Amino acid sequence: MVMTAPQPTTQRLPHSTPQISPQSVPQASQSEIGQLEPERDDAIAFEDVAVTYSTPGDDQRPVLSGIDLTIPRGQFIALVGRSGCGKTTLLNLVAGLVEPSEGAVTVLGQEPRAARRHLGFMLARDALMPWRDARRNVEYGLELRGIAKAERRAIADHWLEAVQLTHAQHLWPWQLSQGMRQRVALARTWALDPNVLLMDEPYASVDVNTRLALQTRFLDLWQSEEHRTVMFVTHDLSEAIALADRVVLLGGGRILDDVTVQIERPRDLGAINANPHYQQVYERLRGQLF
Amino acid sequence: MRTMDETLPSFTADQPWTRAGVSRSPRRLRWSRETLIVRGLQVLVGLALLGLWQLAASNRWPDPVLAKTPLQTWHYLVHSASSGELWSNTRATLTAVLIAWVLAGAAGVVAGVALALLPRAERVLTPYLDAANAMPRIALAPLFIVALGINTSAKVAMASTLVFFIILSGARAGVRSTDAEWLRLSAVLGAKKHQVFRKILLPVATPAIFAALRLGLIYSLLGVVGSELISARNGLGQLIAYDSSTFRMEGVYGILILLAVLAVVLNQGLGLLERRLLRWQPPADR
């Protein structure tokens, strides 16, 4: 299967949403977020990576083995597989939360920990902090990076507007619906202007309609800027094919399949399952997944 | 392509406050009615207790020596207050209560947070802490009096031994309740240790610390009065001991009621501060 770069988007955002462009977004200066390595084609590279966990009885439990995977800049890659197949461990390797037992992982040409300043992270649970209102939750990562108050407030306001939550900026997390909470988490992730987005089943906890709306909003934002690489973990094969440029199927700690999704963008998520290529990819992966 | 706003559930339709049943003005109205009902019932319960007390005293139950009416007790309080005796002793007790609460509270927070962050130190110290906490404090009172003298320091030391462990347990439990996802997120976002402490651990632990501080304030009062009962130059506990030894039971009842009122006032005051500082919590958790 040939890998293809993501299609350039021509979609405009819905009329009611702000136009998102790098120029219009208040961003932290490069000196604050750290310098990127000189341009490389690969955002993330796994070279013969293995991860083994020690169990309490001193047994070694292999979680991942022989992982060779290269993710080009700007690609949206989805990782699918059954529970315990190592999807989240792959994500944790990129985040520098787990060290490989063998092999090497590089992120934007750097060690994962060194590249953290360029990462965004979205979790299955929104991980909003209940003692911060919506806006201050969006500001959290900016605070950690020492961005000045006025600047981070402007950035937070911008991204809250982008996820249509300006009216809810002063609400506490318990006052938000689950879908709104996920949008705050999305704004918090985007506020850091990450080059690599790590998403660990971010829509697992919302209902079907809200999920569709969130996915659409996410694709709108992602397509409006083409430089962000996305690594998206999900149990949901349909979601993976609908959103991603490429779907990697994991099983038993190994890569079982690696498929390029050749569906043009922008995509109509509400009708994408009628696309013949979608169905072809779905059948191919489903046969190995179940 | 259809836009999201045309085809998908609109985000702009979000009305979380009505969805959560917390619309501002109706909620205030409901709370006011609820507060009125609660306050009314509290007054009724108080009047019923006074009635029972009056009934028991009128029938000289359970013993003629103990049978003092609410009115006799009231007269004692008025007389004692007008002579200044009540205020000077109340001031002495409250001074010791607050000193013990602040000192032991601060030490308890520091120790509790430290133990939560240093699991090995906690494993080493836990048996000693459990043993110290299991000691009957009243048995330590003579020791403090001999070591520190019959003064405020002895009372403070006695109360501190109670308050310290309560606050320590609260702070430790609070820090331990930190959600692993917040730590995971913070690590990926590059949070430094001091940032994790200040921006995650302390806010997480605050509700549990506050709950412990409220309990600790009551135990500080109990500790100080207990110390005064054994030996003191002044204080409400010393007054109780004196009135009790002279069978002046209306005095004992009056001071016990005063102590109960003080405990309620202190607790309510701290509760107000807690609600102010923890306004981010859902009303049900406050």
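Residue by residue through segment A:204-241, note down the ones that are part of a loop (DSSP other than H, G, I, E, B) and of a type in the set (S, T, N, Q).
Correct list: A:S205 only.
Step by step: first the residues of segment A:242-290, then only those that are in a helix (DSSP H, G or I) and among the hydrophobic types (A, V, I, L, M, F, W, C), then the one that is most open to solvent (accessible area, probe 1.4 Å). Which residue is that?
Ranking the candidates gives A:A274 first.
Could you run through segment B:130-159 and say how many residues are open to solvent by 40 Å² or more (accessible area, probe 1.4 Å) and part of a helix (DSSP H, G or I)? So that I can check it myself, show each step before the final result.
Residues of segment B:130-159 open to solvent by 40 Å² or more (accessible area, probe 1.4 Å): B:130-131, B:133-136, B:138-139, B:142-143, B:146-148, B:150-153.
Filter once more, so that each one left must be part of a helix (DSSP H, G or I): B:130-131, B:133-134, B:138-139, B:142-143, B:146-148, B:152-153.
The qualifying residues number 13.
Anything in segment A:128-143 that is touching a Lys or Arg at 6+ places or on another chain (Cβ under 8 Å), open to solvent by 10 Å² or more (accessible area, probe 1.4 Å) and either modelled with pLDDT under 95 or at the interface with another protein chain (Cβ under 10 Å from one of its Cβ atoms) (or both)? List them, or say none.
Matches in segment A:128-143: A:E143 only.
For A:L119, are the conditions met, namely being in contact with an Asp or Glu (Cβ under 8 Å, 6 or more places away or on another chain), open to solvent by less than 40 Å² (accessible area, probe 1.4 Å), touching a residue at least 60 places away in the same chain (Cβ under 8 Å) and closer than 20 Å to B:V188 by Cα?
no
What do you reckon, is A:Q288 in contact with a strand residue (DSSP E or B) (Cβ under 7 Å, 6 or more places away or on another chain) and without any contact (Cβ under 8 Å) to a residue 40 or more places away in the chain?
The answer is yes for A:Q288.
Counting only residues that are under 13 Å from A:A127 (Cα atoms) and more than 10 Å from chain A (Cβ to nearest Cβ), how many does segment B:172-202 have?
1
Which is part of a helix (DSSP H, G or I), open to solvent by 90 Å² or more (accessible area, probe 1.4 Å) and at pLDDT below 90, of B:W31, B:W61?
B:W31
Does segment B:161-180 contain any residue that is in a helix (DSSP H, G or I) and acidic (D, E)? Can you show your working first?
As a first pass, look at segment B:161-180 and keep what is in a helix (DSSP H, G or I): B:161-176, B:180.
Okay, now just the ones that are also acidic (D, E), so none.
Scanning segment B:161-180, I find no residue that is in a helix (DSSP H, G or I) and acidic (D, E), so the answer is no.
Of the residues that sit in segment A:88-112 and are more than 18 Å from A:M199 (Cα to Cα) and assigned to a loop (DSSP other than H, G, I, E, B), which one is farthest from the other protein chains (Cβ to nearest Cβ)?
A:S101
Testing A:T234 on (1) among the hydroxyl-bearing types (S, T, Y); (2) touching an Asp or Glu at 6+ places or on another chain (Cβ under 6 Å); (3) open to solvent by 50 Å² or more (accessible area, probe 1.4 Å), one condition comes back false. Which one is that?
The one condition A:T234 does not meet is (3).
Each row is one residue, and each column tells you yes or no for (1) under 25 Å from B:R275 (Cα atoms); (2) crowded, with 22+ Cβ neighbours inside 10 Å.
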| site | (1), (2) |
| --- | --- |
| B:A180 | no, no |
| B:L185 | no, yes |
| B:L189 | no, yes |
| B:K193 | no, no |
| B:L202 | yes, no |
| B:A208 | yes, no |
| B:G216 | yes, yes |
| B:S231 | no, no |
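Going by the conditions given, is A:L212 without any contact (Cβ under 8 Å) to a residue 60 or more places away in the chain, open to solvent by 10 Å² or more (accessible area, probe 1.4 Å), of a type in the set (A, V, I, L, M) and within 27 Å of A:E139 (Cβ to Cβ)?
On the way: without any contact (Cβ under 8 Å) to a residue 60 or more places away in the chain: yes; open to solvent by 10 Å² or more (accessible area, probe 1.4 Å): yes; of a type in the set (A, V, I, L, M): yes; within 27 Å of A:E139 (Cβ to Cβ): no.
Here the answer is no, as A:L212 does not meet what is asked.
What are the residues in segment A:186-195 that are outside any helix (DSSP H, G or I) and in contact with a Gly (Cβ under 7 Å, 6 or more places away or on another chain), if any?
Scanning segment A:186-195 gives A:L192, A:P194.
Tell me, which residue of segment A:144-186 that is out of contact with any Leu (no Cβ under 9 Å at 6 or more places or on another chain), under 22 Å from A:D220 (Cα atoms) and away from chain B (no Cβ under 11 Å) is least open to solvent (accessible area, probe 1.4 Å)?
The selected residue is A:L160.
The values are calculated or read from the model by the stated rules, or taken from the named source; none is laboratory data. Note that the structure is predicted; figures quoted are calculated from it, not measured. Note: ideal-geometry Cβ built from the backbone for every residue, glycine included; neighbour counts use all protein chains shown. Just the protein is used for accessible areas: all its heavy atoms, side chains included, with ligands, DNA and RNA removed. Shrake-Rupley method; radii C 1.70, N 1.55, O 1.52, S 1.80 Å.
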